[in-house]
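Report on the structure given below.
What follows is calculated from the coordinates using simple rules that are stated; it is not laboratory data. Since this is a predicted model, take the numbers as computed values, not measurements. With ideal geometry, Cβ positions are generated from the backbone for all residues, glycine too; neighbour counts draw on all protein chains shown.
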């Protein structure tokens, strides 16, 4: 197994041999590997400082896709068995968008995957693996050497919905360029591969068809790694979503591939904002499916269909089981009938101080009286707004002001200290 750069180099040499030309042997991989290790040792302090800053800035970055895992009981495959979903993307718009933004086509694919990951991880700060060739180390002969210098580093991206597609592409490009300066770094320098997906761009294979000895088939490659999900971008725009069969269902991967294609297409529109790109991910078919699954187009989810509220449901329970225990805390208990009676008394007391729909702040001390207050507020036609007993005084004042409440209720006189200062 070799990396993509090495395979292209080998194919070029193979073409040279089959057409009667000679080849120049490349340098020893073992010798160059030692030089790369020496380079890392010399520049390690720079890498450590870089990853320390990244860790502080992106401590909350999400790298896991929230996709239902494959049910292991329904499949019987080898742990490392993988499958691939292919989807084609027209290359010209990608190249045009990259030229307009002044970035590489690779940045477009990285940015698109960041959008997909943001959607699938429910986070605007994401991280995924960026596969680097490792050939930019200033060591003589490294470009001609056959061997695996490839390295996978975490690429962190902030997805700002207000940013334009052009600005977003440029930001991702700058992050990519910055990351490539530390292509030699290792996990010991301060980063971890705590992400579940990687993205790699394949180099164009040399055209060896039609010259010299004809090959049996056109050259092809396959990625083998320890990531459950790898996105391979071929030079002709073909996207290969390679995944562990034990980890993800095929249907989910097909949807993921379509979403990635949509993300790429959206980023080719310079007039769009990133938030608008994200909205385009849900096509008509997907929206309809979500509406059906979410039951949001059924009559039972409309406001006119609602016949009961908390008060009517509670009163129905009172009528059905008046002597049953409704609330119990320690030695304090209340039957449904007692709770209803107490709530009615409080609702009548509260009514002169409010209008229907007003917000009422309530000291939530987790007592039986607190439950009485909740139903009293609702029976009076007001909106219940709890204030937890553990809230600091300053936050209590801020929340009271934000709620728009004019009344604050405490169960007992000794709890008056919890009344917000601005009430």
**Fill in**
Taking the reciprocal of mean 1/r across every pair of different Cα atoms in segment 273-361, the Kirkwood radius in Å is 17.7 Å
**Message:** At 222 nm, what value in deg cm²/dmol follows for the chain if DSSP H runs of at least 4 each add -39500 (n - 2.57) and the sum is divided by all its residues, to the nearest 500?
**Reply:** -13000 deg cm²/dmol
**Item:** Distance in nm between pseudo-label sites at residue 301 and residue 53 (7 Å out along the Cβ direction from Cα)
**Value:** 4.7 nm
**Asked** Fewest first, what order do 388, 309 take by the number of other Cβ atoms within 10 Å?
**Response** 309, 388
**Asked** Sorted by average packing, counted as other Cβ atoms within 10 angstrom per residue and highest first, what order do 341-347, 126-132 take?
**Response** 126-132, 341-347
**Fill in**
Volume per residue (Å³) of the convex hull spanned by the alpha carbons of segment 300-417 is 136 Å³
**Fill in**
Scattering profile of segment 264-307 from the Debye formula, Cα beads only, expressed as log10 I(q)/I(0) at q = 0.14, 0.19 Å⁻¹, is -0.51, -0.68
**Spherically averaged projected area in nm², based on the convex hull that wraps the Cα atoms of the chain** = 31.5 nm²
**Peptides 16-26, 38-48, 94-104 ordered by average Cβ neighbours within 10 Å, highest first** = 94-104, 38-48, 16-26
**Request:** Report the semi-axes of the equivalent ellipsoid for segment 218-345 in whole Å, largest first, where each axis is √(5λ) for an eigenvalue λ of the Cα gyration tensor.
**Result:** 56, 22, 14
